[in-house]
Amino acid sequence: MAARGSQTTVEHAQTERRHAMVAGQIETRGIRDPDVLSALRTVPRHLFVPAAVADQAYDDSALAIGYGQTISQPYIVALMTVLAEVNVRSRVLEVGSGSGYQTAVLAELAGEVYTIERRRELEERARLALQRLGYHNVTSVLGDGSSGLPSTRPSTGSW
């Protein structure tokens, strides 16, 4: 058994693949935000995909996660996150949790993340993965996000 805080050989290999993904797919396409790059280096994408495609988790592509849904291509996650200009003061609403990967990336940067998913199976899988990884600034909701999340809508905001 590995000592607390140390990585197994498999975990180390996944970390190396994650760092190579960021260097080869994200930075080479012009993403320079150091906080977004750090979040992508931190979040273990392979834990947000079905086991059958875990070996493809760091490839430059979207992957099927079941129920007709996909986890977005890593570059797209990076680009969306940069464009959202998320920081520690941000309170983010994500509509369509899917795998929970984008949620985790947002949680690395934002003060609060609210995520809503209409598919019970996906919401549960994402929520459990986020909990296992220790994201305490995420609130996951099962429901239809087409009207936002009225229960958390700021009194002067639009979501």
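Apart from one condition, Val10 fits all of (1) part of a strand (DSSP E or B); (2) open to solvent by 70 Å² or more (accessible area, probe 1.4 Å); (3) not aromatic (Phe, Trp, Tyr); the exception is (1). Of the residues making up region 25-60, those that are open to solvent by 20 Å² or more (accessible area, probe 1.4 Å), in contact (Cβ under 8 Å) with a residue 24 or more places away in the chain and part of a helix (DSSP H, G or I) are Gln25, Arg29, Asp35, Ser38, Thr42, His46, Leu47.
Name the one entry in Gly30, Gly100, Gly96, Gly66 that is in contact with a Gly (Cβ under 9 Å, 6 or more places away or on another chain), at positive phi and not hydrophobic (A, V, I, L, M, F, W, C). Spell out the reasoning first.
Numbers: Gly30 fails: in contact with a Gly (Cβ under 9 Å, 6 or more places away or on another chain); Gly100 fails: in contact with a Gly (Cβ under 9 Å, 6 or more places away or on another chain); Gly66 fails: in contact with a Gly (Cβ under 9 Å, 6 or more places away or on another chain).
Testing whether each residue is in contact with a Gly (Cβ under 9 Å, 6 or more places away or on another chain), at positive phi and not hydrophobic (A, V, I, L, M, F, W, C) leaves just Gly96.
In summary, Leu83 fulfils each of the numbered conditions (1) open to solvent by 40 Å² or more (accessible area, probe 1.4 Å); (2) in contact (Cβ under 8 Å) with a residue 12 or more places away in the chain with the single exception of condition (2). On the stretch given as region 61-80, residues that are open to solvent by less than 50 Å² (accessible area, probe 1.4 Å) and assigned to a helix (DSSP H, G or I) total 4. Within region 116-140, being in contact with a Leu (Cβ under 8 Å, 6 or more places away or on another chain) and surrounded by 18 or more Cβ atoms within 10 Å (Cβ to Cβ) holds for Ile116, Glu117, Glu123, Ala129, Val138, Ser140.
The values are calculated or read from the model by the stated rules, or taken from the named source; none is laboratory data. Fair warning: this is a prediction, and the values are worked out from it, not measured in the lab. When we count neighbours, we look across all protein chains shown, and the Cβ atoms used for this are built from the backbone with ideal geometry, even at glycine. The area values use the complete protein model at the heavy-atom level, side chains included, leaving out ligands, DNA and RNA. Shrake-Rupley method; radii C 1.70, N 1.55, O 1.52, S 1.80 Å.
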